[in-house]
Amino acid sequence: MDVQELRFWRYVLLVIAIGEGEQTVTPAAMLATLQQHCGVVPSEVVIEVACPPHDLWLTFSTEDKCSEVLLSSMKIKCCRRWIHFSRWCRMVRAQPGALKYKSKLGFEGLPNQAWTTASVKDVLK
């Protein structure tokens, strides 16, 4: 997970369109804005629609281009809305909390020879 997180952190940006615009920010409009303001060409970025609160995911082919676009956060508009860029991180939608319920897991009918640390770990995986 750490390797994947490092890769995402270096190459993926989350996009939030700020303000109450009449138009939603589409991938095509975002690509046109990135081309105009940041010099991004279509082969350097993959744009995907994301769930709220983020509008889009941008996955770049190079870390340099990703960092360059990140510096444009809140400096450009797309569809008449200010665009906020932020790096991806594993805790992007996390919030502190505790589990409401406690669960117990039982292994009934398991033969004695199956009760090894390795076999129980395999089941839990």
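Coordinate-derived values only; no laboratory data. Nothing here was measured: the structure is a model prediction, and the numbers come from that model. For neighbour counting, all protein chains shown are included, and Cβ atoms are generated from backbone atoms with ideal geometry for every residue, glycine included.
List of remarks:
- Net charge dipole size for region 2-87 [Lys, Arg +1 and Asp, Glu -1 on Cβ; Debye, nearest 20]: 220 debye
- Take the Cβ atoms of Ala118 and Gln4, set R0 to 30 Å, and the FRET efficiency comes out at 0.70.
- With a simple spin-label model that places each label point 7 Å from the Cα along the Cα-to-Cβ direction, the separation between Lys102 and Ser43 comes to 6.0 nm.
- Helical runs assigned H by DSSP (4 residues or longer) give the chain a calculated mean residue ellipticity at 222 nm of -9000 deg cm²/dmol, each run adding -39500 (n - 2.57) before division by the residue total.
- Overall, the ratio between the Cα radius of gyration of region 2-87 and 2.2 N^0.38 Å, rounded to two decimals, is 1.01.
- Using the Cβ-Cβ distance between Ala32 and Arg87 with R0 = 22 Å, the FRET efficiency computed as 1/(1 + (r/R0)^6) comes to roughly 0.45.
- Other residues lying with their Cβ under 15 Å from the Cβ of Pro42 contribute a combined charge of -1, Lys and Arg counting +1, Asp and Glu -1.
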